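Where a number appears in this text, it was derived from the coordinates with a stated rule and is not lab data. What you see is a predicted model, and the numbers here were worked out from it, not measured in a lab. Cβ placement follows ideal geometry from the backbone for every residue including glycine, while neighbour counts extend to all protein chains displayed.
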Amino acid sequence: MNRLVVRMVLSHLLVAVVAALATFLVVRQLAPALFDESLRMGPGGGMGPGPGSGMGSGMVLRQQFGDAVDRALLVGTVCGAVAAALVGAFAAYRLVRPLDALRTATRAMAQGRYDGPLPTPGTTELAELTDDVQRLGQQLHETEARRVRLLGEVAHEMRTPLTVIDGTVEAMIDGVMPVEPERLALVSDEVRRLRRLSDDLSALSRTDEGRLTLVLVDVDLREFVERAAGRLRAQAVDAGLALDIDCGSVPVPVRVDPERIGQVVTNLVGNAVRATPPGGRVTVRCAMSGSSACVGVTDTGEGLAAPDLERVFERFYRVPGRRSVEGESGSGIGLTIARSLVAAHGGRLSAESPGVGLGATFTAVLPLRDGPDA
């Protein structure tokens with residue numbers, strides 16, 4: 001009974017029944033009176049044709065009866081139409097009222113007000129639509145909050161290296177600090193930090209706008225996975241972690257952009273290193289699985305709760321309660337970029353975790369290269 005389709009069918013049926021019932025009642029009440037009036041107004045001014053009038057009087061009587069029924073049906077139809085219109089208007093009002101409230105709420109969301117009241121319709125479809133609109137408002141509110149937070153974080157990330165660069169250069173100009181390779185290396189490190197932040201934001205913008213350019217070549221995926229993961233071995237050792245790279249002995253032929261795939265692997269391994277406390281282990285695997293190539297990065301770190309398995313790929317999202325790492329400069333968009341890069345290659349990137357504190361596994365699945373040499 002709460003389904004919209006059921007209510008619409010019942011409302012139309014109710015309108016038809018009301019119209020028919022009103023027509024029947026009006027005709028039933030008016031037809032005899034109109035027939036009697038026709039008899040009184042018949043030839044001779046009496047109660048109609050007298051005895052012996054024959055076939056002519058019968059035709060007149062039939063005509064008078066037909067006229068009375070026609071007039072009664074006309075009046076009954078008008079009354080039935082009026083009754084049907086009233087019932088239909090009431091049913092339409094009951095349907096349109098929650099829709100108007102939803103429209104008002106969506107207009108408020110378009111203006112940036114996400115906490116406006118929403119109706120609670122009794123119809124199942126409208127109730128589900130209201131729930132969807134409410135979830136949309138919550139997500140838009142969270143996205144806006146993350147955007148504002150990102151602006152603050154980006155400003156903070158830029159302020160620190162710019163302060164170091166400005167202070168160092170000014171000290172060199174004033175002669176307080178000698179111009180030595182070590183001092184210049186400090187400035188160079190901060191410049192690279194700024195460039196990395198700029199590259200992340202630029203890559204995110206290009207993937208959002210569909211302007212990402214891929215230079216595809218035929219390669220053995222194992223080589224690039226080993227190379228990209230190996231570059232972070234020193235970082236893992238400094239963090240007190242064991243980094244295992246297992247790519248097997250079977251070639252994994254793919255057609256990819258090596259630089260972009262290396263960026264994905266570097267991002268996944270770097271995240272695993274940051275999420276794993278000292279004494280833990282990060283394992284990188286690369287192998288074929290059916291008609292696909294799989295790259296998996298598994299850590300024994302802080303893990304993920306079930307609701308966060310998809311949300312970690314949202315832009316600017318950071319897992320609540322995540323441990324802070326000294327010197328970390330992530331912008332919260334690395335996994336978003338990584339998933340977009342994998343998708344641009346026709347693959348997918350997913351996350352799995354047994355739970356908080358039990359580690360996590362990120363798996364990138366890419367299509368194998370077609371052709372007889374593959």
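Sorted by packing (mean other beta-carbon atoms within 10 Å per residue), highest first, where do 101-108, 128-135 land?
Working: 101-108: 15.8, 128-135: 14.0.
In descending order of packing, they fall as 101-108, 128-135.
Considering amide H positions built from the backbone, and no H for Pro or chain starts, which residues 5 or more places from residue 281, or on another chain, come under 5 Å of its amide H?
242, 300
Which ³J(HN,Hα) values, rounded to whole Hz and listed in residue order, are derived for region 298-309 from phi using the Karplus coefficients 6.51, -1.76 and 1.60 in 6.51 cos²θ - 1.76 cosθ + 1.60 with θ = phi - 60°, glycine and proline given as x?
10, 10, 10, x, 6, x, 9, 6, 3, x, 8, 4
Just for region 214-292, what percent of DSSP beta bridges are antiparallel, to the closest 5?
50 percent
Which whole-angstrom value gives the distance between the alpha carbon centres of region 98-167 and region 244-299?
Rounded to whole Å, the Cα centres lie 35 Å apart.
Once amide H atoms are placed 1.01 Å from N in the peptide plane, what residues at a sequence separation of 5 or more from residue 333, or on another chain, have their amide H within under 5 Å of its amide H?
Placed amide hydrogens put 316 under 5 Å from residue 333.
So how compact is region 96-194: Cα radius of gyration and Dmax in angstrom?
Rg, Dmax (Cα atoms, Å): 25.8, 77.
Give, rounded to the nearest 20 debye, the magnitude of the charge dipole that region 137-209 has about its Cα centre when Lys and Arg contribute +1 at Cβ and Asp and Glu contribute -1 at Cβ.
It comes to approximately 180 debye.
Tell me, 162, 204 in order of fewest to most beta-carbon neighbours within 10 Å?
Sorted ascending by nearby Cβ count, the order is 162, 204.
Counting other C-beta atoms within 10 Å, which of 261, 165, 333 has the fewest, and how do the rest follow? Don't skip to the end; give the middle numbers.
Numbers: 261 26, 165 18, 333 21.
Fewest-to-most Cβ neighbours within 10 Å comes out as 165, 333, 261.
Using mean Cβ contacts within 10 Å as the protection proxy, how do 230-242, 282-294, 175-187 order, highest first?
The packing order, highest mean first, is 282-294, 230-242, 175-187.
Taking neighbour counts of Cβ atoms within 10 Å as a proxy for exposure, in what order, fewest first, do 299, 218 appear?
218, 299
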